[in-house]
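Presented below is the structure to which this report refers.
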Amino acid sequence: MSEDVQGTVLVVEDDAELRFVLQAHLHAVGFRVLQASDGAAAVGIAREQVPDVIIMDIGLPVLDGLQATRMLQADPVTAHIPIVILTAAGGKEDVVKGLEAGAQEYLPKPFDIAELLARVRTVHRLAKAHKDLDHLNSQLEAEVRAKTHRLQCLYEFMRDLNYAHTRDEVLDLIVQCVRKTTGAGRISVFLLDVRSERLVCERALGMDASSLSPIPVSELPGVTGKVFQSGKGLAARTLGGVEGGDGYASDEFVSVPLATDDGQGVSGVLNATDKADGKPFREEEIECIRSIAHAGAKALEDILRRTRLQRSVRILLQTLGLLAEYRDDETNRHLERVAQMVRILARRLQQDSPYASCINDEYVEMLVQAAPMHDIGKVGIPDDILTKPDKLTDEEFQIMKTHTEIGRRVLSKALDPELPIPLLEMCVEIAHCHHERFDGRGYPRRIAGKEIPLSARIVALV
């Protein structure tokens, strides 16, 4: 007979001969046996060694069986242990008190040893099933918490991506979300540098990005290169059989491509390794990394498209400025002065004014670029009025005033509700409203005060 085959039973009985008999029979069927001759000793042994079942006689010295049962049931360490009480023949009152104290089973003396063993097996089996169920519930609760945490992190990641305006912001969100959802200690993002035709580490967590050498597209060594080339992720329990580890020491490694669904190809690779718990990446964690990579790739692509569009808008605005120059040389010199004065005024407002909180460096630069467009509508004004050296007649002045509406209409044609360009929107505001006055006596709409866009109010002052 090998010990601990079925479990451990604590026999609490002041009759030494009966203790010996119970020990022999319990040993014979595979139980390890602990012994105590009084209730106080039983409580101490149970707390220290935590048996699987307790056989408790009611009539014990020092501390009787009922008191010992109550103490064991009140202690979190021993409350889960099933107790079988042994009562005197005809002691129904003791049976009731024992069950009320927390015992799971009872047996009157004298008892049949086979029946006792059967009851011990039953309560032990039920207790084990209950323990297994508690363990399973704990595992399920932990899994639900982990999944809830991952979903919450993914939700916050997707939400924050909508407010990310630069590539650096997106890259930071990517590595932070991977860390939060998987516990990875080392994360890197490689992006394709089209000019050098290399994969360059643009963001790293848990390592120095500069220590990771660029990967030539023509060679594509290691895990990162293989994933970029194939467009398929790699999740490895071990790097054995995979050429190169890209500087990672861990055996657990996940590498996925940064790619969107629109057929634009792979723009980079997201790598993760060194989990905090030391365990391999689970399938749901790998799926999280894939989702993060996909959403991040889409955000990076949108930012690249927006950057290119904004660059095109700036070139367009410069071209329109040249158009104004060809119409009127005085207008050209005026545009240069406006840009210079707007920068000076905006910087002063940025330092000390009620508007300092909404005038940041980006706003100032955008205002400087947009301000020269304030009179772009004059391209629609007849030359004889635009270049007239003398004072305009009332009728001519009314025609001149239409340049604000012309500018608004021309620039508004380029606005796209689905892809807003703040610079272009500011150009429209300025072109349309730079002749409005704070007292409401301006044109074309005669709006007043804060109804006038801040950008137009600033340009109107210069």
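Round to the nearest 10 and give me the degree value, 0 to 90, for the angle of helix 113-161's Cα axis relative to the longest principal axis of the chain.
On a 0 to 90 degree scale, this one is about 10.
Compute the long axis of helix 167-182 from its Cα atoms, compare it with the longest principal axis of the Cα atoms of the chain, and write down the angle in degrees, 0 to 90, nearest 10.
Helix 167-182 sits roughly 10 degrees off the main axis of the chain.
Mind listing the long-range amide H neighbours of Ile58? Cut-off is under 5 Å, sequence gap 5 or more, other chains count too, H placed in the peptide plane at 1.01 Å from N.
Here Leu86 satisfy the definition.
Return the tail of the calculated pair distribution for region 343-462, meaning the percent of Cα-Cα pairs more than 24 Å apart.
31
Sequence neighbours fewer than 8 away in the same chain don't count; with that in mind, list the aspartates and glutamates whose C-alpha is under 14 Å from Lys388.
Reachable aspartates and glutamates: Asp328, Asp329, Glu330, Glu396.
Calculate the radius of gyration of the Cα atoms of region 361-422 to one decimal place, then report Dmax, the largest Cα-Cα distance, as a whole number, both in Å.
Cα only, region 361-422: 14.9, 46 Å (Rg, Dmax).
Convert each backbone phi in region 424-432 into a coupling constant with the Karplus relation 6.51 cos²θ - 1.76 cosθ + 1.60 (shift: θ = phi - 60°), then list the ³J(HN,Hα) values in order as whole Hz, x for Gly and Pro.
After applying 6.51 cos²θ - 1.76 cosθ + 1.60, I find 5, 4, 5, 4, 5, 4, 5, 4, 7 Hz.
Placing one identical point scatterer on every Cα of region 7-133 and ignoring solvent, what is log10 I(q)/I(0) from the Debye formula at q = 0.16, 0.22 Å⁻¹?
Results for region 7-133 at q = 0.16, 0.22 Å⁻¹ read -0.69, -1.43.
Treat the count of other C-beta atoms within 10 Å as a stand-in for reagent exposure and order Leu258, Leu60 from fewest to most.
The order, fewest Cβ neighbours first, is Leu60, Leu258.
Per 5 Å bin, what is the whole-percent P(r) computed from every C-alpha pair distance within region 82-211?
2, 8, 11, 11, 9, 7, 5, 5, 5, 5, 5, 6, 6, 5, 4, 3, 2, 1, 0, 0
Residue by residue, what Karplus-based ³J(HN,Hα) values in Hz, rounded to whole numbers, does region 56-66 have, using 6.51, -1.76 and 1.60 with θ = phi - 60° and x for Gly and Pro?
10, 6, 6, x, 10, x, 6, 9, 6, x, 5
With 22 Å as the limit, write out which pairs from Lys378/Lys413; Lys391/Lys450; Lys226/Lys279; Lys275/Lys298; Lys147/Lys180 have Cα-Cα distances beyond it, or answer none.
Check vs 22 Å cut-off fails for Lys391/Lys450; Lys226/Lys279; Lys275/Lys298.
How big is the convex hull of the Cα atoms of the chain, per residue, in Å³?
It is 257 Å³ per residue.
Between region 104-124 and region 61-80, what is the separation of their alpha carbon centroids in Å?
What the calculation gives is 19 Å, centre to centre.
Where both residues lie in the chain, what percent of DSSP beta bridges are antiparallel, nearest 5?
For the chain, the DSSP antiparallel bridge percentage is about 60.
For region 43-52, in order, what is each residue's ³J(HN,Hα) by Karplus, 6.51 cos²θ - 1.76 cosθ + 1.60 with θ = phi - 60°, in whole Hz (x at glycine and Pro)?
Whole-Hz 3J(HN,Hα) from phi for region 43-52: 4, x, 5, 4, 5, 7, 10, 6, x, 7.
I need Leu161, Leu304 ordered by Cβ neighbour count within 10 Å, fewest first.
Lowest to highest Cβ neighbour count: Leu304, Leu161.
Using a 10 Å cut-off around each Cβ, can you sort Glu105, Glu436 from fewest to most neighbouring Cβ atoms?
Final ranking by Cβ density, sparse to dense: Glu105, Glu436.
None of the figures in this text is laboratory data; all of them are computed from the coordinates on show. All values derive from a computational prediction rather than experimental measurement. Here the Cβ is made from the backbone with ideal geometry for all residues, glycine too, and neighbour counts use every protein chain on show.
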